[in-house]
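Below is one structure, written out as structure tokens; comments come after it.
The values are calculated or read from the model by the stated rules, or taken from the named source; none is laboratory data. Remember, it's a predicted structure, so these values are computed and weren't measured experimentally. Methodologically, a virtual Cβ is constructed for each residue, glycine included, from the backbone with ideal geometry; neighbour enumeration extends over all protein chains shown.
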Amino acid sequence: MKKFLGAILTILLLFQLFSCHFDNSSKFEKTIEIKDMSGRKVIIPDTINRVIALGPGALRYLVYMDQQNKIIAIEGNEKRRFVPYLQAHPKLVKLPQVGTGNIFETELLSIQKPDVLICTYMNRGKGDDLQKKTGIPVILLNYGDFNQNIEVTFDALKFLGKLFYNENRADSLINYIKKNISDLENRTKNFPENKKESVYIGGVAYKGSHGLNSTEPMYAPFRFVNAKNVAGGQGEVTSSPKAWFENAIIDKEKIINWNPDKIFLDVSGYELIRIDISESSPFFNTLDAIKNSELYFVLPHNWYTINFENILCNSYYIGKVLYPNNFADIEIEQKADEIYFNFLGKAVYQNMKEKFGGFRKIDN
């Protein structure tokens, strides 16, 4: 009988430990019900102190919202990325990781005991499943972009502002973004169309590094400065039909036929680009931009989805190259640091320059 009672007590104890491990709701003194950006109803603590961000750009958004001190663990690949938000807050890289690469493990999430998980690029079904497995409230966040979904970007910032009782931060950053986009537009909108040089962006990262023929038909910096983008009319002839504005792998002959006056190159594809512009490449003797040394490096903007701050930095640099008189008052390194400070709380352009070489013209 004693052995039987002992076994029952052991089972009950294990059940209690298991429940504590996978159900965090009982520890919260006060909870509220919210709707996340997918429309799911989620019960969360009234005040969030411990967060894990999962998915492309989720951690970046939390840094934008000045919530980095609440992050308690990160994804494995975040420890290896050289991106502005981790340069601004290097302590994040020293946090425990919750899986290998970009793949999280539910057990590791539960062990960290976060108040919530904030996830991007996750559907409702997977969000519900993750919440059931971990017992941790899962909040789904839409990411947006600086193209046709710019309002989604603003909505995400506003959502996080309400979630963390930090609406002023959301409003401040949104206003800063709008102010810069408006400034870029005003500086370039009256430039005569017949005097514009044609441009192309190559080497754009998309699920990895690519060479000259990887571009963006709706590359935001070109739109912001009213540039004549030769790839702008590609429509859905892309490597990413559902998000055609994000990426297009272009036939090399098409680039030769376009023969843009100036080519901007995403430095994330540096090694492949070097091959594409070398003397052994078919581009070398056919593209005027290469022959005339009209090649310019810009910062990576699409690494674990979109770095919005780098898009604005690139926009001002491209504006200075295409319209030097209109941007004569802009000192690009100072402007980049201003942008980084407003997004991340720290000026990190020198870090980016040391790693990638910074904004520069390539002389053949």
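Of the residues making up the stretch 96-106, not a single one is buried (at least 20 other Cβ atoms within 10 Å of the Cβ) and under 30 Å from Asn314 (Cβ atoms).
Restricting the stretch 278-318 to residues that are of a type in the set (S, T, N, Q) and modelled with pLDDT under 85, the residue that is farthest from Val83 (Cα to Cα) is Asn285. Contact map, the stretch 82-94: residues that are polar (S, T, N, Q) paired with residues that are not in a helix (DSSP H, G or I), Cβ distance under 6 Å, separation 6+ or inter-chain. Pairs shown: Gln87/Val348.
Just checking, does the stretch 261-276 include any residue being out of contact with any strand residue (DSSP E or B) (no Cβ under 7 Å at 6 or more places or on another chain), closer than 30 Å to Asn168 by Cα and among the aliphatic types (A, V, I, L, M)? There is no residue in the stretch 261-276 that is out of contact with any strand residue (DSSP E or B) (no Cβ under 7 Å at 6 or more places or on another chain), closer than 30 Å to Asn168 by Cα and among the aliphatic types (A, V, I, L, M).
Residues considered: Leu140, Leu160. Of these, the only one that is under 22 Å from Asn69 (Cβ atoms), touching a residue at least 12 places away in the same chain (Cβ under 8 Å) and touching a helix residue (DSSP H, G or I) at 6+ places or on another chain (Cβ under 9 Å) is Leu160. Restricted to the stretch 263-364, the set of helices (runs of 4 or more DSSP H) holding at least 2 residues that are over 22 Å from the mean Cα position of the chain (by Cα) comprises 270-276, 288-291, 308-322.
Quick check on this structure: which one of Thr188, Thr238 is surrounded by fewer than 22 Cβ atoms within 10 Å (Cβ to Cβ), assigned by TED's automatic domain parsing to the domain that holds Asn325, modelled with pLDDT of 95 or more and hydroxyl-bearing (Ser, Thr, Tyr)? Answer to the selection: Thr188.
Cβ separations smaller than 6 Å between residues 6+ apart or across chains give the following pairs from the stretch 318-337 residues that are surrounded by 17 or more Cβ atoms within 10 Å (Cβ to Cβ) to residues that are polar (S, T, N, Q): Tyr323/Thr188. Filter the stretch 289-316 for residues that are β-branched (Val, Ile, Thr) and crowded, with 21+ Cβ neighbours inside 10 Å and give the result. Those that are β-branched (Val, Ile, Thr) and crowded, with 21+ Cβ neighbours inside 10 Å: Ile290, Val298, Ile306, Ile311.
Just one residue in the set Gln112, Gln148 is closer than 23 Å to Tyr304 by Cβ and modelled with pLDDT under 95; that residue is Gln148.
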